[in-house]
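> My structure is below; once you've seen it, I'll send some questions.
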Amino acid sequence: MKTAHNIKRSVSLYSFQEEYFLRKMTLEDLIAVTQKLDIPGVEVIPDQMIPGYPELSDDFVKQWHGWMEKYERTPVCMDMFLDWNKFKGRVMTEDERVESIAKDIVNANKLGCKVIRVIHDVEPQILERLAPAAEKYGVTLALEIHAPSYYDSPHEQRLMEMFQRVQSPYLGFTLDLGVFVKRLPRVITERFLRDGMKKEIVEYLADGYEKGTLPRSSELGKPNTGLMDKVLEMGGSEEDARKAMIGAHMIYADPQLMLEYLPYTYHIHAKFYEMLPDYTEYSIPYEEIVPLLIKGGYNGYLSSEYEGNRWIQDAFEVDSVEQVRRHQVMLKRLLGEE
């Protein structure tokens, strides 16, 4: 029996970064894989995958839509990055930042993407200024909530105040499910061991994270000297201490809280680090999260985003396609598609 909802599936082509970077797969190959894996929606990373971006040639736009038609896929989301340090000796002015994102809006429209994943640190006043352009081109600006931030973090709360005041259906959030890491990814702790970290330190980090007893900083961006000192005290190196900070920046936020904010959430990065052979994710409890998304009436895309590749590439052949396949099988099951 199918569950009644309007949630759709997609994949961020970021998931295949290993194969793309090593030239094992072209952009067309990646799109062809989405058809093979029965993934309806495509999320593109233009800075990585479109030659000359942010300039967008008519030839590329024609080719892109040709691929969408050939492989019967739907362009869903375009990820943007605001390179505000691009000018030597100074940062972009606010006007220049607005102009840069305005160009992304036009480009997303040309590619047929209805959503732009906005990089996290874009200020509320910039998005507010861009609301008319977003509405003109029919493109939603959805700022990414990414660990260690969550809906109740200061930046997100400033955005909420603006969203509620402006009341534009073209401004909102992209939620990265990496905010629900319940236990440290095994691919990360195993990499720590391969890199020479003492087993007792790795066990301390994994156990402390799962129990919520790791020394943590109380403010975002504040150096976590307590955790670093503890690792050094246990005989770890300075490099080990820096690596330990990965655990301090991962979070397991309260999934129930997102129900309040789902009306302002237009896209979701379905982050995963390791899909097991039984089609479950080692670290992120999708069995808890997806039913809440259905309950909350979320009606956007769940876009698979594989990030385990970088943690295994030192010792193993990365098979992003198989990992994404398993993830999509899991999503189909949880969404009641099979």
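> Select from the range 68-94 the residues that are farther than 28 Å from residue 38 by Cα and among the polar types (S, T, N, Q) and write down the one among them that is nearest to the chain's Cα centre (by Cα).
85
> Additional query: Sort through 268, 312 and tell me the only one that's within 18 Å of the chain's Cα centre (by Cα), within 30 Å of residue 24 (Cβ to Cβ) and hydrophobic (A, V, I, L, M, F, W, C).
268
> Exactly one of these conditions fails for residue 250: (1) closer than 30 Å to residue 139 by Cβ; (2) aliphatic (A, V, I, L, M); (3) within 18 Å of the chain's Cα centre (by Cα). Give me its number.
So the condition that residue 250 fails would be (1).
> Filtering the range 3-54 down to residues that are among the polar types (S, T, N, Q) and over 20 Å from the mean Cα position of the chain (by Cα), which residue is modelled with the lowest pLDDT?
Among those that are among the polar types (S, T, N, Q) and over 20 Å from the mean Cα position of the chain (by Cα), it is 3.
> Please go through (1) among the hydroxyl-bearing types (Ser, Thr, Tyr); (2) over 22 Å from the mean Cα position of the chain (by Cα); (3) under 17 Å from residue 303 (Cα atoms) for residue 57 and return the number of the only condition it doesn't satisfy.
The number of the failed condition is (3).
> Just one of (1) of a type outside the set (Lys, Arg); (2) within 18 Å of residue 303 (Cα to Cα); (3) touching an Asp or Glu at 6+ places or on another chain (Cβ under 6 Å) trips up residue 7, so point out which.
(3) is the only condition that residue 7 fails.
> So, residue 154, is that one in the same structural domain as residue 68 (by TED's automatic domain parsing), modelled with pLDDT under 95 and within 30 Å of residue 211 (Cα to Cα) or not?
Here the answer is no, as residue 154 does not meet what is asked.
> Out of all the residues in the range 116-158, which are within 18 Å of the chain's Cα centre (by Cα) and of a type in the set (Lys, Arg)?
117
> If you go through the range 252-276 one residue at a time, how many are surrounded by fewer than 18 Cβ atoms within 10 Å (Cβ to Cβ), over 18 Å from residue 7 (Cβ atoms) and among the aliphatic types (A, V, I, L, M)?
Residues that pass the stated criteria total 2.
> Quick check: is even one residue across the range 215-229 surrounded by fewer than 17 Cβ atoms within 10 Å (Cβ to Cβ), touching a residue at least 40 places away in the same chain (Cβ under 8 Å) and outside any helix (DSSP H, G or I)?
Yes: the range 215-229 contains one or more residues that are surrounded by fewer than 17 Cβ atoms within 10 Å (Cβ to Cβ), touching a residue at least 40 places away in the same chain (Cβ under 8 Å) and outside any helix (DSSP H, G or I).
The values are calculated or read from the model by the stated rules, or taken from the named source; none is laboratory data. Predicted model, so just to flag it, every value in this text is computed and none were measured. Methodologically, a virtual Cβ is constructed for each residue, glycine included, from the backbone with ideal geometry; neighbour enumeration extends over all protein chains shown.
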